[in-house]
Amino acid sequence: MSEPRRSWTSFLQGLANTRERVSSGRDPLHCVLGNEAADLDSMVSALVYAFFRSGPEEKDLCVPVINIPRGDYKLRTEAVFLMRQAGVDPGLLSFIDEIDLAGLHRAGRLELTLVDHNRLAGHQSELAEAVRGVVDHHADEGLFQDAPVRLIEPTGSASTLVAREIVGAAPELLEQDVARLLAGTILLDTVNLDPAAQRTTPDDQAMVDLLIPRAGEGQDELFQVLQREKFNVSDLETRDLLRKDYKEWQIGKERIGISSVLLPLKDWASRDSDLVQGLEAYRSARGLDMLLVMIAYTAPDFTRELLLLVPREAALQELEELLNEKGLDLADITPEELKASPLAPGLRCFSQGNLGISRKKLQPLLQERFG
């Protein structure tokens, strides 16, 4: 006599049930936590693995937690797009600012599974005793050796490991929305399984081959649309553009922030009539002495531009001289409409002739001069 078929909740209904569980305040909670970068892989692996681990009839309901505040979700444009494609309403998601993990842990009411990382961020290290599982594709740091679930393998995407677990235990869960989430994530992480990117393993290939027929969209089409959406900033306001890809350093006496923005300066200025005020508001709110915005886009050729906002005239001049000394090959392109702003004396906009100087290369130059 065959075993009765297990009764699995649908993926979207499962997400709704986790939100209800969080809202009800019922404890304890078993949370599946992605890493604090909260890229697409971190989000999808948390959502889908929690669905899988909740089991038939949700006897062990797991809550996926996205490790950024809800207000930052819109900055992950490719995730917003793919979730919408899969029918995931943002209201079904749970974010780190909505669940008091530290409070639950202190009360002895938290169990935690980590996905897409195997070391907690420094500010979350107090949760280590609550870790009961790890599913990750990064280098194994040797932690949580006694965790009942410990799956750490060097695949191109954590979502590959999640997909493989489901294929082995409950392939019926790979309905179209789940398959699309997993396949799209793996493709983006492996640059469409391109060998030249040196990220693809046989498991990544095998999972994509299995998932794509269920996803309702071709491999190349799915990858291309996600790649496009990753760089789609058309719906972001100035503050969001600045914080989407932002890094900050204290270098000597100077607090310096550098944003990377994928929008031509001319287009940015034309769509935001208060651009200078927005830049100054961001600089002031973060307590920066210097705000640099490195702009990069292709239309049709790859182009770099650089915006500097430094209120102290002497410091602005020193920074401009340094950048030219280091070969950035700057030419002033400050738009006339920006020069009319009362804040214009602290603002400079340039084309950057040296396309090889990225933020990664610029920061050490600043460290050398101001550190």
(Q) Rounded, prolate or oblate, given the Cα gyration tensor of the range 1-130, with a/c below 1.5 counting as rounded? (A) oblate
Q) Between Arg106 and Ala281, what length comes free when the chain is fully extended (0.36 nm per residue of separation minus the Cα-Cα distance, one decimal in nm)? A) 59.2 nm
Q | Residues of type lysines that Lys361 reaches as a straight line, Cα spacing below 27 Å, ignoring anything fewer than 8 places off in the same chain | A | Lys230, Lys244, Lys247, Lys253, Lys266, Lys326
Q: Return the FRET efficiency for the residue pair Asn232, Arg255: r is the Cβ-Cβ distance, R0 is 35 Å, and the value is rounded to the nearest 0.05.
A: 0.70
Q | Between the range 252-274 and the range 340-371, the Cα center-to-center distance that results, in Å | A | 11 Å
**Q.** Gaussian network model of the chain, Cα within-10 Å springs - most flexible of Glu141, Glu305, Glu280
**A.** Glu141
Q. About its Cα centre, what dipole magnitude does the range 152-277 give when the only charges are +1 on Lys and Arg Cβ and -1 on Asp and Glu Cβ, stated in debye to the nearest 20?
A. 600 debye
Q: Return the percentage of antiparallel bridges among DSSP beta bridges fully within the chain, rounded to the nearest 5 %.
A: 50 percent
Q: Report the extension gain between Ser10 and Phe302 in nm, rounded to one decimal, defined as 0.36 nm multiplied by the number of residues separating them, less their alpha carbon distance.
A: 100.7 nm
Q | Relative contact order for the chain, counting Cα pairs under 8 Å that sit 6 or more residues apart, in percent | A | 11 percent
Q: Work out, step by step, the length gained on full extension between His123 and Arg243: first 0.36 nm times the residue separation, then minus their alpha carbon distance; give nm to one decimal.
A: 41.2 nm
Q: Report, to the nearest whole %, how much of the accessible area of the chain belongs to carbon and sulfur atoms, 1.4 Å probe, protein only.
A: 47 percent
Q) For the residue pair Gln205 and Val22, what label-to-label distance in nm results when each label sits 7 Å from Cα along the Cα-to-beta-carbon direction? A) 3.8 nm
Q. Under a point-charge model restricted to the Cβ atoms of Lys and Arg (+1) and Asp and Glu (-1), what is the dipole moment magnitude of the chain relative to its Cα centre, in debye to the nearest 20?
A. 480 debye
Q | Distance between modelled label sites at Lys339 and Asp60, nm, 7 Å Cα→Cβ extension | A | 6.7 nm
Q.
What is the angle, in °, between the Cα long axis of helix 40-54 and the longest principal axis of the Cα atoms in the chain? Nearest 10 is fine, range 0 to 90.
A. 20 degrees
Q | From the coordinates shown, mean projected area of the Cα convex hull in nm² corresponds to which of (1) 16.8; (2) 31.4; (3) 21.5 | A | (3)
Q) Ordered by residue, what ³J(HN,Hα) values in Hz, to whole numbers, does the range 80-88 give under the Karplus form 6.51 cos²θ - 1.76 cosθ + 1.60, where θ = phi - 60° and Gly and Pro are x? A) 4, 5, 5, 4, 4, 4, 8, x, 8
Q) Can you give the net charge of the other residues whose Cβ lies under 9 Å from the Cβ of Thr9, counting K and R as +1 and D and E as -1? A) -2
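The values are calculated or read from the model by the stated rules, or taken from the named source; none is laboratory data. Predicted model, so just to flag it, every value in this text is computed and none were measured. Counting neighbours? That spans all protein chains shown, and the Cβs are built from the backbone with ideal geometry, glycine included. Each accessible area value is taken on the protein alone, full model and side chains, heavy atoms only, with ligands, DNA and RNA left out. Shrake-Rupley method; radii C 1.70, N 1.55, O 1.52, S 1.80 Å.
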